[in-house]
Amino acid sequence: MQVNQQQTALDSLGINALNDMQQAALAAIPEHNNTIILAPTGSGKTLAFLLPVLQLMDADTPGVQCLILSPTRELAIQIERVWQKMQTGLKVNTCYGGHLMQTEIQNLSQPPALLIGTPGRIQEHITRGSVDLSKVLTLVLDEFDKSLSMGFQEQMADILKSLTGLKKRILVSATNKLDIPDFTGMSNPKTLDFTATENTTEGLTVKSVMAVNGNKLDALFHLLCFLGAESTLIFCNFRESTTQVVAMLKEKGIESAAYHGGMEQLDREKALVRFRNGSTQFLVTSDLAARGLDIPAVKNVIHYETPQKHTDYLHRNGRTARMHAEGVAWLILSPEEPIRTYLTEMPEQLRIPKDAVLPEPSPWTTLYISGGKKDKLSKMDIVGFFSKKGNLGKDDLGLIEVMDFMSFAAVKKDKVHHLLAAVQMEKMKGKKYKIVVDG
C-alpha cells in the first residue's frame, strides 16, 4: 500500500491521525506472520487491521486474498462498511446467516479480494463449493474471544483447514484473558497488548442514579427527561427486559426502540438504521449492542440493569467516550440489589429533578425504499430524486443507507408528507420503487 493510498483511506474516513494501537498494528502486521491485537472496545481495532490488510493486497491478483471471520453478522457488516468508506477500489463481500444464500453465491461467482463472514456461513459456502479460499494469504479472526464464547471453535477449525495458502494470521480480541487454541496456528505471535487502558478510559465519567423504592423504570424515565434528546444506549441483561422497557417508556411518552438477538435480522438492521440516522434517539438493548456495531459514539450509556461480568460492563461503557470523545455511563441502582464486586467504589450519585420535561422528539423520520445496490441505486441517485422530484433542500435530508435490495433515508418530519405525495407516481432511474415511512 502506497502512502497516498493510506492517506486516501484516512481522508475518506475523516481521520486525521492513527492512535498508538493502530500505528503499532500497521508496523507489526506486515513484518510478522502471526499478530495478536488486544485492545478494549471502542479503540479502533477494525481500522487497525484493515489498513495493513490493504497494504498486503495486490489489485492485480484474482481471487479472495483475505478472509475475515466475525462472530456476529452486525460486526461483519460494520467491517464491510469501514472498508467501503476507505475507498480502496478492491471488491468486498460479506456472508452471514439471514442474508439470502443465492445472493451470496452470485456475489462469490466473481470472487472479492476481501471476504468477510460469520464462521457458520463461511463453512456452509466451503461445503457447497461456492467459494475458493485456496488463494487466501491473510486471515483475520476478529473479536476472537466472543467467537470462542459463542461456540464457533469447530467451524473456525474446519475453515482454517481450507486455507492451504495461508501466510499471515491476525487475531483480534477485546480482552487478554483467553487461551489461544492450537487450531489457529498462532506460533510465536507478535502480541500488541493495549488492554491496560480499558479501566482508565479517557473522557468517560461514571455516575449513578438511585431508584426510589426500587422503581427503576421511574428512575430511567426521569433520567432521560434530565438528559434530553441525546443519543443514548440503554442496556438490559435480558431480551424480555428490553421489550418491557420500550413498552413502558412509550406509555410515559418517550419513543425508543428495542434491539436484541431474539429479533428478526431485518428488524434489527432497521432499528440500527433509525438509531444511526437519529430517527430513534434511545436504543434499549441487550449486550448484543455492546460490541461490534456500526453505530456512532453516543453521549450516554445507561445500565438499566448492571451486568454480572466486569468485561461486559467495560464493553458497554466502550460505546461512549470513543476516540478521545467524552461520554457518561449511568448506573441505575436499586437499594435492595447487591452492588457488583467490580464496582470498587460507588460512582457519584446524582439526584434527578422531580419535574419531568419530556425530551424533544426527533426531527427525523426514516423512509424505506424498495431498491438498493442490486438495482444499481446509489446514495446520489436518491439525493437527486428527492431533491428534484420532492423539492427537498440539503438540510431536509439526513443519513442515506443503501443495502443490497433496499435503502433507507432520513428526512425531516415536516417534509415527509409533501415528499411522499410528490414522488408517488415518479420513477427513479426509469423504475418505480415503493417509498414509505419505515416502521
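A short reminder: the numbers here are calculations on the coordinates, not readings from a lab. All values derive from a computational prediction rather than experimental measurement. Note that we place each Cβ from the backbone using ideal geometry, even for glycine, and neighbour counts take in every protein chain shown.
Sorting the segments 107-113, 185-191 by their residues' average number of neighbouring beta-carbon atoms within 10 angstrom, most packed first, yields 107-113, 185-191. Less than 12 Å Cβ to Cβ from Met186, Lys/Arg counted +1 and Asp/Glu -1: what total charge do the surrounding residues give? Charge balance near Met186 sits at +1. Here the peptides 119-129, 37-47 are ranked by packing, the mean other Cβ count within 10 Å, and the order with the highest first is 37-47, 119-129. Partner aspartates and glutamates whose Cα lies under 12 Å from the Cα of Lys85, excluding those fewer than 8 positions away in the same chain, are identified as Asp11. Taking 32 Å as the limit for the C-alpha separation, the pairs Lys91/Lys429; Lys146/Lys168; Lys45/Lys354 exceed it in the case of Lys45/Lys354.
Note down the net charge around Arg274, summing +1 for each Lys or Arg and -1 for each Asp or Glu among other residues with Cβ under 12 Å from its Cβ. Around Arg274, the charge tally is -2. Which entry in (1) 65, 62, 39; (2) 158, 47, 36; (3) 65, 53, 45 is this structure's computed Cα extents along the principal axes in Å? Computing Cα extents along the principal axes in Å and matching it to (1) 65, 62, 39; (2) 158, 47, 36; (3) 65, 53, 45 gives (1).
The sum of -39500 (n - 2.57) across all DSSP H runs of n ≥ 4, divided by the residue count of the chain, sets its helix-only mean residue ellipticity at 222 nm to -10000 deg cm²/dmol. Mean separation of Cα pairs under 8 Å and 6 or more residues apart, divided by the residue count, gives the chain a relative contact order of 15 percent.
Dipole magnitude for the stretch 364-437: about 260 debye, using +1 per Lys or Arg Cβ and -1 per Asp or Glu Cβ, origin at the Cα centre.
Over 22 Å between C-alpha atoms is what I'm after, so list which of Lys135/Lys379; Lys376/Lys434; Lys374/Lys415 land there.
Details: Lys135/Lys379 33 Å; Lys376/Lys434 16 Å; Lys374/Lys415 28 Å.
Over 22 Å apart, Cα to Cα: Lys135/Lys379; Lys374/Lys415.
Among the GluC sites (Glu not before Pro) within the stretch 133-201, not one is in coil by DSSP while having at most 15 neighbouring Cβ atoms inside 10 Å. Within the stretch 3-197, all pairs of alpha-carbon atoms sorted by distance into 5 Å bins from zero give the percentages 1, 8, 18, 22, 23, 16, 9, 3, 0. Could you work out the local net charge near Ala211, counting Lys and Arg as +1, Asp and Glu as -1, over the other residues with Cβ closer than 12 Å to its Cβ? After counting each charged neighbour, the total is -3. Excluding same-chain neighbours fewer than eight residues apart, the aspartates and glutamates reachable from Lys161 by a Cα-Cα span under 17 Å are Glu124, Asp132, Asp182.
Between the residues Ser149, Leu75, Met21, the greatest Cα displacement towards the positive end of the dipole of the stretch 3-197, with unit charges on the Cβ of Lys, Arg, Asp and Glu, is found for Leu75. A convex hull fitted around the alpha carbon atoms of the stretch 364-437 yields 70 Å³ per residue. Listed by chain and number, the aspartates and glutamates whose C-alpha is less than 12 Å from the C-alpha of Lys207, apart from same-chain residues fewer than 8 away, are Glu345, Glu348.
Stokes-Einstein D for the stretch 305-439 at 10 °C, 1.306 mPa s, Kirkwood Rh over Cα pairs, in µm²/s? Approximately 84 µm²/s, per Stokes-Einstein. Using alpha-carbon positions, what is the distance between the centroids of the stretch 29-73 and the stretch 92-147, in Å? Their Cα centres are 15 Å away from one another.
Placing unit charges on the Cβ atoms only, positive for Lys and Arg and negative for Asp and Glu, gives the stretch 204-349 a dipole magnitude near 320 debye about its Cα centre. Among the GluC sites (Glu not before Pro) in the stretch 257-352, those located in a DSSP loop and surrounded by at most 13 other Cβ atoms within 10 Å of their own Cβ are Glu264, Glu326, Glu336, Glu345. Taking Cα centre as origin and charging only the Cβ of basic (Lys, Arg, +1) and acidic (Asp, Glu, -1) residues, the dipole magnitude of the chain rounds to 1320 debye.
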